[in-house]
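Student: Next up is a structure, given as C-alpha cells.
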Amino acid sequence: MYMKVVMPTVMHTEAEDVSLRFMSQRAFGLLMAATSRESADTLRLELDSGRVKLTVNLDCGRINCNTSKGPETLYAGQKVNDNNWHSVKVMRRDKNIKLMVDDDVAEGQMNGDHTRLEFSNIETGILTERRFASTSPSNFIGHLQGLKFNSLLYIDMCKNGDIEFCELNARFGMRSIVADPVTFKTKGSYLGLATLQAYSTMHLFFQFKTTSGDGFILFNSGDGNDFIAVELVKGYIHYVFDLGNGPSLLKGNSDSPLNDNQWHDVVITRDASNTHTLKVDAKSVSQVVNGAKNLDLKGDLFVAGLGPNMYQNMPKLVVSREGFQGCLASMDLNGRLPDLINDALFRSGQVERGCEVGFTKADLQGPSTTCQEDSCANMGVCIQQWENFTCDCSMTSYSGTQCNDPGATYIFGKGGGLITYTWPNNERPSTRTDRMAVGFSTAIKDGILVRIDSAPRLGDYIMLHIEEGKVGVTFNIGTVDISVKEMTTDVSDGKYHVVRFTRNGGNATLQVDNCPINEYFPSGNSDNERYQMANKKIPFKYTRPVEDWLHEKGRQLTIFNTQATISIGGNDRKRPYQGQLSGLYYNGLKVLNMAAEGHAYIKINGSVRLVGDVPTSRSPSSTTTSMPPEMSTTFIETTTTLSTTTTRKQRSPPTIQME
C-alpha cells in the first residue's frame, strides 16, 4: 500500500525541511521519497537494516553543472524496527544536509556544484518512480504519521481532499497489521521459496497463528553444515542455526505457549558482531556466537514444512518431525517481502491465500465451524449454519468474512461533494422498519452525512447529521420531525466512529461506537385513546369507518413512504460534510460499494474521491492549501482522520497504515 502526491508542475528547491514519525517492526522499507519523472533527482528516506537511511541525489544531467558525484547517503538511529514511534527530521541547505532520528544526528555535505533538487512526486510506502533509480527499496509495512515537506502536511492534505492529485490505497489509522496471510491447512502442506540471502547479516520477520503446538516454520540448508531452522516446539519458538561452529539454539521466552489461535510476531536478527536475537511479541533473548560469522545458504527455503524423507536427516537440535498447521503472514526475509503464493517455486498440500476463521484445539483438520465469541469482529453478528457460520457485517461499516476489512471508503473534500442513489420509479420502497450504519471520521462541527428522501411532495425523510459536534438522526414519517441524538460523544475529534440507526414504526435507536444505545419511543396515540373512551357511544354503523380511518392515520405515522433517493455528503442541502465516509449500509444496500463499482443508479458530483483511486484531472488551486503543523488531528483506530481548521495543539497527526 502507498500514498503518492503528484505535483501539478515540476518543483525545484535548494532547501528542504522534512519530518515524519513512523512505527514498524520491519528492518527495511521506504518511508518517503521525493522523485522526478525526468531525472534521477531524489530525496529518499528508508529503513535499512533497522536504521534510517537518507539518500540525496542531485542529478545534473539536465542543466549546466559539473558531473554528478552520485548520491550522498547518511544513516541515523539504531534498531528502530522495534514497533515504537520514532521521529525523523531532514534539513538541507544548499550542500549541507542533516538527518535526525530521535536524538541521533548525522551530518554531511554534498559533492559537486549542483544544489537544486527537482521533483514531481512525493511518495510513501512504495517507490513507483523507478526509471532512474539504481536500487529500489523494499515496500514499507507499518504506520506513518505527520509527514511534512517544506511546511505542507501531505498526509493530512491528501486525506482531506485538499489535493486532487493524490494516489492513495493505504489505510488511515492505528491497527494491528497482518499482511498477505496464507493458511497451511494440514501438517503436510508446505511451499518453497528462493534461497534466503543472509550471508553477513540477517533480519527475519513473520507472524503466525495456530492451535498446533509443534511444526516446522522455516528451513534452509547450505554449504557444509550451515543451516537455519525456525520451528514451534510445544508452543514455543525455537531458532536453530549453524554458521560452521556447530549448531546453536535460541528458545523464545514467551510467558505462555503460543498455540492459542492468536497472531504473534517473530523477529530474528543477526548483526555484524554475530549477535543473534530472537524476539517473540515483546520478549527477546540474545546470544553472541564466536567463530565463523557468515551464513552460506544454498537450495530452497522451505516454509511450513519439509519435503519427503527430509525430517529424518535434520541437524542436531532440530526437534520437529512434521509441518506447521495454521496461518503465516507478513513475511520479511532480509528486506525481501515474498508473496508466499505467487513467489513459491513449488507447493505441496493445501496452501490457500488468506487466514481461515480459526483453528480449534478440538479439530486441527480445519477452521472452527461454530460461532465463537470472537468469530466476527467489530460487532459483526455470527450466523450459525449447518456446516459452518458466516458473519453479518452489515451494521459494522466493515466487510470481509470476519468484518475485519474496511468497507468502501470515500473522502469528501472541502469543496463539498455529493453521492446520490436514485431508485427507479417502479422500485421505490415503502418501509415500516429501517436499518442504517456508516463509519466516518471528521473534524467538522456541522454537516449532513446521509439523507434518504421520499418522492417529491410526500415529505418523508431520514437524515443522519452532525450538529455542534454531536451526531443525531432526524426523521419524519408523518407530520412531525422526530430526533434522536448521542449527546455524550464529540464525533468531530478526527477519530473513526461507527453510527448505527434502527427504526421500527415510530420507535428508533441510535448508537455510536460502543456507547449506550439511545432510544426514542413516541408518547401514547391520543386519537386511539379518545376512541377507546368514546367507542361505546359511536353508532355501530360508524365503527368500521372510524377504525379504518385511525388505522390509515397510524400507518401514515409508521411507514416511510415511496423512498426515492439516498443523498450522501450534504452538499445539496447547503450543509456539506468534509471527511471520510466508509461502509454505508441502508436496508440491504451497500451504497458506497455500489458507487465504487460504478452502479448505474448512482451519480457522483463535486469533491469526492474513492480511497485507492488515481485522480484523473488537475487543478492549479489544488496545491495552494497549507496548514501549520499544530493544525493536524489525531490518528484513529481503523480508517481516516481530517485536518482541522482551528488550532488543536493537543492532537497528534493522522496515521497512515502501509501493508
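Student: For region 324-346, what are the residues that are surrounded by 16 or more Cβ atoms within 10 Å (Cβ to Cβ), at pLDDT 85 or above and either among the β-branched types (Val, Ile, Thr) or more than 21 Å from the chain's Cα centre (by Cα) (or both)?
Tutor: Phe324, Gln325, Gly326, Leu333, Asn334, Ala344
Student: Hey, another quick one. Give the number of residues within region 1-20 that are within 24 Å of His86 (Cβ to Cβ) and not in a strand (DSSP E or B).
Tutor: Of the residues in region 1-20, 2 are within 24 Å of His86 (Cβ to Cβ) and not in a strand (DSSP E or B).
Student: Would a scan of region 4-17 turn up a residue that is in the same structural domain as Val105 (by TED's automatic domain parsing), under 27 Å from Leu204 (Cα atoms) and at pLDDT 85 or above?
Tutor: Among the residues of region 4-17, not one is in the same structural domain as Val105 (by TED's automatic domain parsing), under 27 Å from Leu204 (Cα atoms) and at pLDDT 85 or above, which makes the answer no.
Student: Scan region 301-322 residue by residue and report those that are on the phi < 0 side of the Ramachandran plot and among the aliphatic types (A, V, I, L, M).
Tutor: Across region 301-322, the qualifying residues are Leu301, Val303, Leu306, Met310, Met314, Val318, Val319.
Student: Only strands (runs of 3 or more DSSP E) wholly contained in region 150-213 count here; list those with 1 or more residues that are touching a His at 6+ places or on another chain (Cβ under 9 Å) and at pLDDT below 75.
Tutor: Details: elements: 166-168, 182-184, 190-193, 202-209.
Hits in region 150-213: none.
Student: Filter region 251-265 for residues that are out of contact with any Ser or Thr (no Cβ under 7 Å at 6 or more places or on another chain) and buried (at least 20 other Cβ atoms within 10 Å of the Cβ); which is farthest from Met314 (Cα to Cα)?
Tutor: Applying the filter and picking the extreme gives Leu258.
Student: I would also like to ask the following. Which condition from (1) more than 30 Å from Asn571 (Cα to Cα); (2) at pLDDT 90 or above; (3) of a type outside the set (A, V, I, L, M, F, W, C) is the one that Thr369 breaks?
Tutor: So the condition that Thr369 fails would be (2).
Student: Take Asn518 and decide whether it is surrounded by 15 or more Cβ atoms within 10 Å (Cβ to Cβ), modelled with pLDDT of 90 or more and within 16 Å of Met436 (Cα to Cα).
Tutor: Numbers: surrounded by 15 or more Cβ atoms within 10 Å (Cβ to Cβ): yes; modelled with pLDDT of 90 or more: yes; within 16 Å of Met436 (Cα to Cα): yes.
Yes.
Student: Which condition does Arg92 not pass, out of (1) assigned to a strand (DSSP E or B); (2) more than 27 Å from Val6 (Cβ to Cβ), if it passes all the others?
Tutor: Failing condition for Arg92: (2).
Student: For the subset of region 15-44 comprising residues that are more than 17 Å from Ser120 (Cα to Cα) and among the hydroxyl-bearing types (Ser, Thr, Tyr), which member is surrounded by the most Cβ atoms within 10 Å (Cβ to Cβ)?
Tutor: Looking at residues that are more than 17 Å from Ser120 (Cα to Cα) and among the hydroxyl-bearing types (Ser, Thr, Tyr), I get Ser24.
Student: Being outside any strand (DSSP E or B), in contact with a strand residue (DSSP E or B) (Cβ under 8 Å, 6 or more places away or on another chain) and on the phi < 0 side of the Ramachandran plot, is that true of even one residue in region 102-110? Let's see the steps before the verdict.
Tutor: Looking only at region 102-110, we keep the residues that are outside any strand (DSSP E or B), and these are 102-103, 110.
Cutting the leftovers down to in contact with a strand residue (DSSP E or B) (Cβ under 8 Å, 6 or more places away or on another chain) gives us 102, 110.
Those left that are additionally on the phi < 0 side of the Ramachandran plot: 110.
Yes, region 102-110 contains at least one residue that is outside any strand (DSSP E or B), in contact with a strand residue (DSSP E or B) (Cβ under 8 Å, 6 or more places away or on another chain) and on the phi < 0 side of the Ramachandran plot.
Student: Quick check on my filter: what residues within region 266-285 are more than 18 Å from Gln78 (Cβ to Cβ) and surrounded by fewer than 19 Cβ atoms within 10 Å (Cβ to Cβ)? Walk me through how you get there before you give the answer.
Tutor: Our first condition is that a residue be more than 18 Å from Gln78 (Cβ to Cβ); within region 266-285, this holds for 266, 278, 280-283, 285.
Correct list: Asp281, Ala282, Lys283, Val285.
Student: Test Thr390 against the criterion of being in contact with a strand residue (DSSP E or B) (Cβ under 6 Å, 6 or more places away or on another chain), farther than 24 Å from Arg573 by Cα and either outside any strand (DSSP E or B) or not hydrophobic (A, V, I, L, M, F, W, C) (or both), and give yes or no. Spell out the reasoning first.
Tutor: Values: in contact with a strand residue (DSSP E or B) (Cβ under 6 Å, 6 or more places away or on another chain): yes; farther than 24 Å from Arg573 by Cα: yes; either outside any strand (DSSP E or B) or not hydrophobic (A, V, I, L, M, F, W, C) (or both): yes.
In short, yes.
Student: Say we look at region 86-103 and pick out the residues that are in contact (Cβ under 8 Å) with a residue 12 or more places away in the chain and surrounded by fewer than 16 Cβ atoms within 10 Å (Cβ to Cβ); which of these is nearest to Gly335 (Cα to Cα)?
Tutor: The qualifying residue nearest to Gly335 (Cα to Cα) is Ser87.
The values are calculated or read from the model by the stated rules, or taken from the named source; none is laboratory data. All of these numbers come straight from a predicted model, not from anything done at the bench. Glycine also receives a Cβ, built like all others from the backbone with ideal geometry; neighbour counts cover every protein chain displayed.
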